[in-house]
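*Asks:* Sharing a structure with you now.
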Amino acid sequence: MLKLYTIFFAAMALQFSSCKQEAPAPSYIKIEEFKLSTNYINEGSSSAKVSDAWIYVNDQLIGAYELPCEIPVSTSGSSKISVVAGIKNTGQVANRQEYPFYKWFDTTVVLNGGSRTILPQISYIDSLNFLWNFDFEGNSIPLTMDENSDTSMYLVKSTADVLEGNGMGEVKVDQQHPLAFLKSNLNLNIPAAVKATFLEMNYACNTETEIGVITYVSNSKIILPIVTLKSTDLKWNKIYIDLSNTLGTYALQGKFEIYCQIHQLSNDILTLRFDNFKIISQK
C-alpha cells in the first residue's frame, strides 16, 4: 500500500510540474530626457524642461513617470510606444500635466525582456499662434518700467552668464532702487474662447519674483499675479506658466500684458535674468 501511495503522489507531482509555465522575462522602457526641435525663426529656442514622461503602450496609458525613469512593461512582442512630454504647470509640483503644445513621440519596439532606451524627439504641434517670441539677440528691451518702478531691464551681451546665444535681459534692485515693476507693453489680444495659452521663459534669480498679467477694465489697470518664482541661486531654469484661466476671466476686455515685479527687502543686491520669452496660444 505504501508503494502505491508513493507512485500516486509521484505521478501527481509530475503532472503539476508539466503544467507549470515560466513567466516571461520582464521588459523595461528607459527614458532619460526629451529632445525638442524647433523652427527657430517661427518658434524660437529649443530650450525645454520636460519633467515627466506620460507613457502609452498600444494606445493604453500605463502611467506618468518623473524623469529619468525605467519602468516595467508587461506587454511582449512588437509594441507601439507613445511618449508625451509632461510639465509642472506654472512650476507647481502638484500640478503635473501633458504639455498640450508638444507633439507625441511614437515608435515601435520589440519587447522580449531586458531594457529598451527611448529618446523621445518632439516638436511643437502645428495649430499654434506664437503671440510673442523674444530671444534677446537684438538690441531692443522686451520689458519696460512701469510708472512706479525705479529700475529697469538691461541687455547683457556675450558673458559667461548668458544661457544661450549672445544675449539676455537682467534686472537688479538695491537700496537705492528697491522696486522693479516691468511690463511688456505688447497690447496683445486675449485669445477668444479661453483657448490654452502659456508663457514659456528661461529665468535665473536670487530672489522671489512675481509674474502676472495686466489687463484693463473701464480704463482702470488690473494687476493679476499668477506665480511667485523662487530663488534659483542664479542657476537657469525654465517654466511653463498657464495664462488660460486668468485671461479667460477678462476675455471681454480684449488686451493684456505680462509683468514681473521684485521688491528689495534686504541690503543685498538682487538679480533677475531672463531669456527666451514666448507666449503661445492654440489657434
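*Asks:* Going 7 Å from the Cα of Ala25 along its beta-carbon direction, which residues of the range 71-90 have the amide nitrogen within less than 16 Å of the resulting point?
*Replies:* Within reach of a label on Ala25: 72-78.
*Asks:* Roughly what % antiparallel, to the nearest 5, for the DSSP beta bridges in the chain?
*Replies:* Beta bridges within the chain, antiparallel portion: roughly 90 percent.
*Asks:* What percent does the relative contact order of the range 24-122 come to when contacts are Cα pairs within less than 8 Å and at least six residues apart?
*Replies:* Over the range 24-122, the number comes to 38 percent.
*Asks:* To continue, here is another question. Can you match P(r) over Cα pairs in 5 Å bins from 0, in percent to one of these, (1) 1, 6, 12, 17, 18, 16, 11, 7, 4, 2, 2, 2, 1, 1, 0, 0, 0; (2) 1, 5, 9, 11, 12, 12, 12, 11, 9, 8, 5, 3, 2, 1, 0; (3) 1, 5, 10, 13, 14, 13, 10, 8, 6, 4, 3, 2, 2, 2, 2, 2, 1, 1, 1, 0, 0, 0, based on a calculation from the structure here?
*Replies:* Identified label for the calculated read-out: (3).
*Asks:* What is the magnitude of the charge dipole of the range 128-282 about its Cα centre, with +1 placed on the Cβ of each Lys and Arg, -1 on the Cβ of each Asp and Glu, and no other charges, expressed in debye to the nearest 20?
*Replies:* 420
*Asks:* So what is the 222 nm mean residue ellipticity for the chain from helices alone, if each DSSP H run of at least 4 adds -39500 (n - 2.57) and you divide by all residues, rounding to the nearest 500 deg cm²/dmol?
*Replies:* That comes out to -3000 deg cm²/dmol.
*Asks:* Which of Ala94, Pro142, Gln176 sits closest to the plus end of the dipole of the chain, meaning its Cα is farthest towards the positive end, when Lys and Arg get +1 and Asp and Glu get -1 on the C-beta?
*Replies:* With unit charges placed on the Cβ atoms, the residue in question is Ala94.
*Asks:* With 10 angstrom as the radius, rank Glu66, Glu208, Glu170, Glu200 by how many other C-beta atoms surround their C-beta, starting from the fewest.
*Replies:* Glu66, Glu208, Glu170, Glu200
*Asks:* Separate question: In this model, which of Lys172/Lys230; Lys49/Lys230; Lys49/Lys172; Lys183/Lys278 are farther than 18 Å apart at the alpha-carbon?
*Replies:* Lys49/Lys172
*Asks:* Could you please report the charge total around Gln121, scoring K, R as +1 and D, E as -1 over all other residues with beta-carbon less than 10 angstrom from its beta-carbon?
*Replies:* Its environment carries a net charge of +2.
*Asks:* Rank Ile226, Gly114, Tyr154 by how far each Cα sits towards the positive end of the charge dipole of the chain (+1 on Lys, Arg Cβ; -1 on Asp, Glu Cβ) and give me just the farthest.
*Replies:* Checked the options; the winner is Gly114.
*Asks:* P(r) for the range 128-282, please, calculated from all Cα pair distances in 5 Å bins and given in %.
*Replies:* Reading upward from the zero bin: 2, 9, 19, 22, 21, 15, 8, 3, 1, 0.
*Asks:* Taking only C-alpha pairs under 8 Å that are 6+ residues apart, what is the relative contact order of the range 64-159 in percent?
*Replies:* Contact order relative to length: 21 percent.
*Asks:* Test of understanding: what is the full-extension gain from Ile141 to Ser76, defined as 0.36 nm times their sequence separation minus their Cα-Cα distance?
*Replies:* 17.9 nm
*Asks:* Mind pulling the angle between the C-alpha long axis of helix 2-19 and the longest principal axis of the chain? Nearest 10 degrees, somewhere in 0 to 90.
*Replies:* 40
*Asks:* By the gyration tensor of its Cα atoms, with a ≥ b ≥ c the square roots of the eigenvalues, what is the shape of the range 188-229: rounded for a/c under 1.5, prolate for a/b over b/c, or oblate?
*Replies:* Here the range 188-229 falls in the oblate category.
*Asks:* On to the next question. Under 8 Å for C-alpha pairs, at least 6 residues apart: give me the relative contact order for the chain, rounded to a whole percent.
*Replies:* 19
*Asks:* Also, quick follow-up: Under the rule a/c < 1.5 gives rounded, and otherwise a/b versus b/c splits prolate from oblate, where does the range 24-122 land using the Cα gyration tensor?
*Replies:* Taking the square roots of the gyration eigenvalues as a ≥ b ≥ c, the range 24-122 is prolate.
*Asks:* What ranking of Met153, Met168 emerges when the number of other C-beta atoms within 10 Å of each C-beta is taken as an exposure proxy, fewest first?
*Replies:* Met153, Met168
*Asks:* About the Cα centre of the range 24-122, what is the dipole size in debye to 20, counting +1 per Lys and Arg Cβ and -1 per Asp and Glu Cβ, all else neutral?
*Replies:* With only Lys, Arg, Asp and Glu charged at Cβ, the dipole is about 40 debye.
*Asks:* Now for a different question. First measure r as the distance between the Cβ atoms of Ile222 and Thr108, then evaluate 1/(1 + (r/R0)^6) with R0 = 51 Å and state the FRET efficiency to the nearest 0.05.
*Replies:* Calculated transfer efficiency: 0.50.
*Asks:* Listing Cys69, Cys260 from the residue with the fewest other Cβ atoms within 10 Å to the one with the most, what is the order?
*Replies:* Least crowded to most crowded, the residues run Cys69, Cys260.
We did not get these values from a lab; they are worked out from the coordinates using the rules stated. None of the values given here were measured: they were computed from a predicted structure. Cβ: placed from backbone, ideal geometry, glycine included. Neighbour counts: every protein chain shown.
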